[in-house]
Structures are given as structure tokens and as C-alpha cells.
Amino acid sequence: MATVHTATGPVDSADLGHVLVHEHVFIVGEEFRQNYQDDWDEDAKVAEAVRDLTELKELGIDTIFDPTVLGLGRYIPRIQRIAEQIDLNIVVATGLYTYNDIPFQFHYAGPGMLFDVPEPLVTLFTKDLTEGIADTGVRAAFLKCAIESQGLTPGVERVMRAVGQTSAQTGAPITVHTDPHSQSGLVAQRVLAEEGADLTKVVIGHSGDSVDIDYLMKLADAGSILGMDRFGLDLLLPFDQRVDIVVELCKRGYADRMALAHDAACFIDWFDHEAKKQALPKWNYRHISEEVLPALRERGVSDADITTMLVDVPRRYFE
Ligand SMILES: [Zn+2]
């Protein structure tokens, strides 16, 4: 057992229940919002999130891990306001989301740089994990970084090494946004291991966008958790293929190396809200409970394996 910090305080890892390991609540660029989103209605947005997450709890999900970090618009006071009104745990993250460069706030300070100080990313991530985020009193419980098709750019590498070091020092687990088509999960495993991170505490995010079983087994055989975490994003991989690859991995004994999610959000400012709903009608929090789990069972996945993916793997991630 381990203590897991959530937006409303600590819970025991044994009490996380059924978990979706990668769901956003809001992806909103705050600078963009303040300058260009004149129609933003904070109360309405919060009410929508409360409604969606209450629905999710009614479908049997008890906890979400929300990997919304710097670069995706993390804003904890809004998350707290929502978390206080629902009976579902929101576990928040620290880290930095980029496919290319790092923000200017970090360009001139760091080891061997103009202002020669210890890596400020490690300092900030560690503070979020051990003391709390800003003055909210909310502690992050896991780390997040990304490596896309652009590969290990200097900015991506700096963030990833800082995430690995912070994990090695604090024991906090990691989620990496990866691009399975360029097999960037293998690069993430190498770099994180070089920094001393425990690969069994790493979710290789968006692995479920791939049906390359050899690649997926290689990641899992190194101990990491495959994030089958984009159910509903059927434009990237259709529903049947997303389900079938989970079925096949379960058959091969990998249920204990997989975790499930949608990578959905109540609101994301990357797309027009209504156009997104039209193009991706299944990309919402309900899809796994309503359609994916029944399909997995129909295709032979046992209830024990489903419990492993939804309960045991997310719990072990923190223990
Ligand atoms: Zn995501």
C-alpha cells in the first residue's frame, strides 16, 4: 500500500478502485484563453466537468489520472473546484509537455548555462510532488513528458532527463506521451533508465494507437505499462483494432502490463468544441464503460483481466 495524493487529499492506493490512467479535465492554454476566448464561461465549464465526471463515477470508475502539465494548461484551482463537487478522485501530475523545444522560462538557467544553477525543471517537479503545486495544497502524484515523431530533440531530451531524475529521487511514477509509429517509447525507456527511473513505474502512453505486437511486447517485456489510452480516438486507429490488440495481448498474458483510458477532456481548445464532437463522437469518458469493456468480454477477455487492467495495474504503479 502507498499514499496517493489527489486533488482533494491523500488516499490509499488500495482505495483507488477502478482507474482510467490518462484523462484530461481541461486542456486550455491560459494565455490564449485570456486573450482570445471572450466567450469563456468559467462557471458553465466547471458545471459541465462536474456533470461529465459524475456520470463517469456512475459508470463504475472511481479515479482518473490527469496528466495535464505545463504546456497543456494545468490550472489546479479549477480542478480543485470540480474535485470538491464529485465523488471521483482526480490525481494530478507535474512535468512538461512538448514535442520540440522547452519554454523560454527555462532557456537561460540550468547546469552550465548562462545562469548556472541546478536543473530548474527537477527543482519545480520535485516541489510539486513533495510540497504542493503553487499555494493550492494539492500535490502532484506522477510525472509526465512527451516524445513524438520529432524524436529526441534537445528540448524533449532535457525534459525527459529531468523527469527521469525526479522519478529516481522521489519514487514518483511516470507517464510518457509517445508516438508508437516511430517507436518513440523505446527511446523513452532508454533515456529514463539512464537517469535511474524504474521502468516498471512508467506508462508508455498511446501504445494503444499501434497494432505492432512485436513493438508492444518489447516495451512490456522491459517492465513498462502499455497505455491503451486513446479509446474513442477512432480517426487514429479504429475501434475494432483498438479492442483486438488488447484482446491479443491479454491472450499472450500481458493484462498486467496494460492500463486503459480515453485521453479525453471535458474541454480542449485545440479543436472547435462542436466540430470535435461531430468528428469523434466516441471520444468521451463514457466509451470504455459503455462499449469497450463489453466488446473485450465478448471477444474473450476475462473479468479477472479487466480488473487487472483497471484496478491492479494503476494501484501497483504507486506501490
Ligand atoms: Zn493526453
What is the one condition in (1) among the charged types (D, E, K, R); (2) farther than 24 Å from Asp101 by Cα; (3) exposed (fewer than 14 other Cβ atoms within 10 Å of the Cβ) that Glu48 does not satisfy? (3)
Looking at (1) in contact (Cβ under 8 Å) with a residue 40 or more places away in the chain; (2) away from the ligand (no atom under 16 Å from the Cβ), find the lone condition where Met228 falls short. (2)
Residue identified as crowded, with 21+ Cβ neighbours inside 10 Å and either of a type outside the set (A, V, I, L, M, F, W, C) or at pLDDT 95 or above (or both) among Ala141, Ala168: Ala141
Does Ser182 satisfy the criteria of being closer than 27 Å to Asp244 by Cβ and within 16 Å of the ligand (Cβ to nearest atom)? no
For the range 185-224, give me the residue count where each residue is within 15 Å of the ligand (Cβ to nearest atom) and touching a residue at least 60 places away in the same chain (Cβ under 8 Å). 2
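Restricting the search to the range 102-111, which residues are over 22 Å from the mean Cα position of the chain (by Cα) and in a loop (DSSP other than H, G, I, E, B)? Spell out how you get there, then give the answer.
Taking the range 102-111 as the starting set, the residues that turn out to be over 22 Å from the mean Cα position of the chain (by Cα) are 104-111.
Within the range 102-111, His107, Tyr108, Gly110, Pro111 meet the criteria.
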Just one of (1) within 16 Å of the ligand (Cβ to nearest atom); (2) hydrophobic (A, V, I, L, M, F, W, C); (3) surrounded by fewer than 24 Cβ atoms within 10 Å (Cβ to Cβ) trips up Val176, so point out which. (3)
Residues that are surrounded by fewer than 21 Cβ atoms within 10 Å (Cβ to Cβ), without any contact (Cβ under 8 Å) to a residue 40 or more places away in the chain and within 15 Å of the ligand (Cβ to nearest atom), at least 1 per element: which helices (runs of 4 or more DSSP H) completely within the range 231-305 meet that? 273-279
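In the range 16-56, how many are without any contact (Cβ under 8 Å) to a residue 40 or more places away in the chain and not aliphatic (A, V, I, L, M)? Don't jump to the end; show me each part of the working.
Of the range 16-56, the ones without any contact (Cβ under 8 Å) to a residue 40 or more places away in the chain are 31, 34-36, 38-44, 46-47, 50-51, 54.
Among the residues that remain, those that are also not aliphatic (A, V, I, L, M) are: 31, 34-36, 38-43, 51, 54.
The total comes to 12.
The values are calculated or read from the model by the stated rules, or taken from the named source; none is laboratory data. Bear in mind the structure is a predicted one, so any value in this text is a computation, not a measurement. Here Cβ is always computed from backbone atoms with ideal geometry, including for glycine, and neighbour counts include all displayed protein chains.
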